[in-house]
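Everything on this sheet refers to the single structure shown next.
A short reminder: the numbers here are calculations on the coordinates, not readings from a lab. Note that the coordinates shown come from a computational prediction; the quantities given were computed from them, not determined experimentally. A quick note on method: Cβ atoms are made from the backbone with ideal geometry, for glycine too, and the neighbour counts reach across all protein chains shown.
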Amino acid sequence: MTPANTVIDEAFARGLQPDPNMTVDEWSDRYMIIPKDSGANEYGKYRTSKTPHARRIMQALSDSHPCKRVVLMGASQMMKTQVGLNWFACSVHQSPANFLWILPTGKLAKRTSTRIAKTIAAVPELTERVAAPRSRDSVNTLDTKDYTGGSLFIVTAGAAANLAEVPARRVLFDEVDRADANVNGEGDPVALAEARQTTFERNKKSYYPCSPTITGESIVETLYEKGTKHVALAECVHCGHPQPLVFERLKLSDDGQDVVYPCEACFEVMYESDKNKMFVNGLWSDGVAGDGETESFTIPALFISYGGMPWKALWNEYKKAKEKLAEGSEEKMIAFYNTRLARCWERAKEQTQAKELQDRAEDYRLGIVPRDGLILTASVDTQPDRYEMKVVAWGEGMESWIVDYQIILGSPSDEETNAKLDKALEGRYQHECGTFLSISSAFIDSGGANTQDVYNFTRVRRHRHIFAIKGASQYNKPILSAKPTPVDVSWQGKTEVRGAQLWLIGTDTAKDYLSARYKLKTGPGAVHFSKDLPEEYFKQLTAEYRIHVYKRGRKVSIWDKKQSDRNEAGDLMVYNLAVAYYLGLHKKTPHQWQMLRDYVDPQTKDLFSEPITIKDSAEEVIESAFPAIQQSTPWTQTTKPQASQSRPANRTMGRAW
């Protein structure tokens, strides 16, 4: 047994030894191990030479570097998180202090915590310093890991309290652009996070690895612009010239089999197999002076090392995104710019002009469903003195036609007004082929002064897929919430499962979707208008426009309109889009659309396909084509209805505009 005085002497001697002073990249090359079960492409001994551009970033994160903030605006799956792990591990070993790791969502926080735990278990220098997990206390849990000299706190950006209660010398804010711009109304998440470093002004450091989003809205772009703005460089394997890799310079090889990159100096082409030589020195541009505290870097997916995502895969991904953009859907192109090119996407058009939509209105009458329209939805806007209802026909590829627009005068709290609305929603519209279509589902706006009246109206009509909705003007919110919220309670204060239900609509996302498609004249995503619609309708449809404003010191993009302008027609189009999503029309296959087309208009049916027999009821045909819709609400009628129930072909707007 070792004498007690010997143990004390050895411990005292270790305490007198100076802390190791390696830079993060040096420490990582000596000690870091990537666990086999981490999910990384390569595991085992970490080598910076595998991703040489990471060296400069890790040097900036080192204690010896004078900067206070490091920003990496990079493509997805490009060293961002691994650099953060290396920085954390080096800190625990060399200069331990509190470390705050912020994630945009709880799911990402859990995933990151698991990866950190596996890294701690794989690296002996960490294992001996970090407390072992224990079930009866909080020494080492999912969101807290204690070690000699400090603790790691893994939190989400969604709650301001998470950012306010912990002092930390080091802060890692992962994917900051996916965090709320104004955390619980308390301000900019970056300012809240860095406020935790107040007592560490002399030696604090923060790291922001993130892919950017929309120009004018991206937090990481703003941070990048404040800094030194270093751009990743590659060296020509022919002439040695250092240069950034610009996606637009990629081209197909002469045989069309490969995608190559021509040097901007000697014009000789470089192949995918040249990547390791091109990146070997991990060069960056000189950059600019910046604010004196921020080192910022940007690197696109073209720099992914050989064996990872090839240039040809990027080329093919861009082609698919371009095809979708031509159809009016910019989502894939935004994702490509953000996650592959590490660039912000700039919205090309902020407002659709009313006149250009009215000029291309078509010769079909309101009240008649055009031939390619196969299913009807309705939306209702609630005003203190009226209801406004719009009916839209949808076809394959989410192509749509405005079929009807009615204004029902009277207070929503009046039973007679509600009876008129109910009759309107029960109406059937004649298809060009002669079939009569019913409204499949309807959403009614519950905002304003008549919220409870809307709940009362929709409560007893849930079986007809008529629901109350409320708009949520938040960035990136889904067009339709994942599930409705029960809004009725019993006298005991308990939620009534069979009561009224409220669906939330991401209005900004829906407006972006529609704005991109209004320019399409035909085909998937196009919106068609009848010449029966008056000028006022088109003015309301396009009353809103995107502007940039400053909220709590940060520039954000919002939809706005002049105070005197009406926008009911635009809101009703947003609500109809949400109904289409509720019905799942955006997910239906060409085969499913064809089944419905064959039923609505039998004349279009392929003569060589199996005919629909007598035993195939309307409900069976519809259920097989669109199984998500309940059979209790038929959307077509094969028997011509009473004259009082049908919509006349020359139907006009509900009242004069």
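Some notes on this structure:
- Nonlocal amide H pairs with V403, under 5 Å, H built at 1.01 Å: V391, V392, A393
- Given R0 = 56 Å, the distance between the Cβ atoms of K107 and K531 translates into a calculated FRET efficiency of 0.70.
- The amide H of A234, built 1.01 Å from its N in the peptide plane, has Q243, L245 as neighbours under 5 Å, considering only residues 5 or more places off or on other chains.
- Eligible lysines near K483 by straight Cα distance, threshold 20 Å, same-chain separation 8 or greater: K107, K470, K494, K587, K588
- Debye log10 I(q)/I(0) at q = 0.12 Å⁻¹ for segment 277-384, Cα point scatterers: -0.76
- Protection-proxy order for peptides 98-106, 58-66, each taking the mean of Cβ atoms within 10 Å per residue, highest first: 98-106, 58-66
- Under 10 Å, Cβ to Cβ, from K521 - net charge with Lys/Arg +1 and Asp/Glu -1: +1
- Relative protection proxy for 80-89, 463-472, from highest mean packing down: 80-89, 463-472 (other beta-carbon atoms within 10 angstrom).
- 9 Å beta-carbon shell around C67, net charge (K/R +1, D/E -1): +1
- Annotation for Q452 and V280: the two label points, set 7 Å from Cα along the Cα-Cβ direction, are 7.8 nm apart.
- Candidate aspartates and glutamates - alpha carbon under 14 Å from K561, same-chain residues fewer than 8 apart omitted: E350, D508, E544, D571
- Taking a straight Cα-Cα cut-off under 18 Å and skipping sequence neighbours fewer than 8 places away in the same chain, the aspartates and glutamates within cross-link reach of K324 are E346, E396, E399, D512.
- Backbone amide hydrogens, once placed in the peptide plane, bring N476 within less than 5 Å of T509, excluding anything fewer than 5 places away on its chain.
- Two-site FRET efficiency, K251 against I558, from Cβ-Cβ distance with R₀ of 41 Å, rounded to 0.05: 0.55
- Stretching the chain fully between F267 and A419 yields a gain of 47.3 nm (0.36 nm per residue, less the alpha carbon separation).
- Compactness relative to 2.2 N^0.38 Å, alpha carbon Rg of segment 81-125: 1.16
- Charge sum, other residues only, whose C-beta stays under 13 Å from E323's C-beta, Lys/Arg counted +1 and Asp/Glu -1: +1
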